[in-house]
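This report refers to the structure that appears directly beneath it.
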């Protein structure tokens, strides 16, 4: 198994380690619910260095990437990050990723850990004859600090005014410096106002040699603000409440981005991109032959997890893609991919109409609007994700 | 890792308190620690007739559902309904918060189970 630069710290902090995408990663340090609540009320620190970073650059990069992702990159400014699915010819999803515009023809693509090698090969096969695609993952560590106190905790480490970084914007060379157990440290990092939790926060891309220093320093500085180290367990419960897709569950080669509710990141009016025709054909299908992702709240006692069959009106209509307890809502929730004529987007029903079958037992559930949780917006940091 | 002297134990980290032909069953401190915070317990039906190795119930943590197996054959005569409201009680006191009580149909099966010392040795050897 591969290890991130923070591996020793995870073990020292009591992290329960599991294998994820070929990496040894912490699921939790203390308790998943406690870590989850820290992110919602104060802040959490995540080591996500297992993610893949691919640098794509050279003349023609924008045009090349436009043909490979479904979102429109043309309006993205230098210093802006764009979220997009990346599709295969049949419209199925190869991955979902963030694309950071570093320069005119210089982009950093951040991809799921389990798909890094496949995405590298895919991109090279699509654009590799025209532009350079370089795997920078081994030279890039990534820490995420997420929660309402994230900015307050991170600000003392830099002269860069973090309040000026809006959501889905970044600064490429932020000089971070501070004190860690080994003494004074400094490093240059790319700091973006992005995340996977539904809270305000930052993702910090930096030299692996400095990652441990920053990790130590942030934990020490954040302690007074309630910062906790958080593992993959809380990362999953947080993103589930925010209804953010997890590749392999809500997105896959068998699930296209329209089915996953990512319509606003699929610009079918854009000129040709891989999968565009298949997605246009899909859109033209009758509702009975389409699927949609919906949110469910369990009414009967029980937890509906990934793979559970879902019924509507006594008929099987699909399956749960992700499910579990919601610490914030104190209910059991689930995302489910169901026949589009059973999905009632935008019109949540008060009556339980769905059944999730858990260990052969039918549990009543009601459809609820997504996301399950949305953070209260304050005036300090506003703005919709760039599309 | 806590254990109690008056109980019998299984390799699946269940404990049994035996009183004449009845056994009260729960999961050990080792098991509750491995599971993490328990958020849901599925109890067996009172009256269920089970054989050794059948699923007695399910303890769910945030991440996963874990089956609890019955180490003995018999009939479920009582279940701990309190766990429906406070499943996490098992984490706090795994030996006080039992899961089900069974009327044993084959008490000789108890001879196959471990006492406290044997269980502690077993856990130690598993940890290596």
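Structure values in brief
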quantity	calculated
FRET efficiency estimate (nearest 0.05) - Cβ-Cβ, residue B:93 to residue B:120, R0 25 angstrom	0.85
Separation between Cα centres of the range A:265-335 and the range B:1-76, rounded to whole Å	35
Among A:39, A:27, A:69: highest mean-square fluctuation, GNM of chain A, C-alpha pairs under 10 Å	A:27
For residues of A:317-330, the mean tally of beta carbons on other chains within 10 Å	1
Residue order, fewest to most beta carbons within 10 Å, for A:271, A:252	A:271, A:252
Pairwise label distance in nanometres, residue B:1 with residue B:20, each label 7 Å out on the Cα-Cβ vector	3.5
Shielding by partners - mean other protein chain Cβ count within 10 Å, residues of B:60-69	5
Relative exposure of B:10, B:70, A:158, B:75, judged by other C-beta atoms within 10 Å (fewest first)	B:75, A:158, B:10, B:70
Residues listed by number, the range A:293-329, amide nitrogen under 19 Å from residue A:18 label point at 7 Å toward C-beta	A:303-308, A:320-328
Neighbour-count order for A:179, A:333, fewest beta carbons within 10 angstrom listed first	A:179, A:333
Rel. contact order, % - alpha carbon contacts under 8 angstrom, at least six apart, chain A	18
Coordinate range along principal axes, alpha carbons of the protein assembly as shown, Å, largest first	82, 64, 44
Beta bridges per DSSP with both ends in the protein assembly as shown, % antiparallel, nearest 5	95
Estimated 222 nm signal from helices in the protein assembly as shown, with DSSP H stretches of n ≥ 4 weighted -39500 (n - 2.57), rounded to 500	-5000 deg cm²/dmol
Shielding by partners - mean other protein chain Cβ count within 10 Å, residues of B:32-40	3
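Every read-out reported here was derived from the displayed coordinates using simple, explicitly stated rules and does not represent laboratory data. Note that this is a predicted model, so its numbers are computed, not measured. We place every Cβ from the backbone using ideal geometry, glycine too, and count neighbours over all the protein chains shown.
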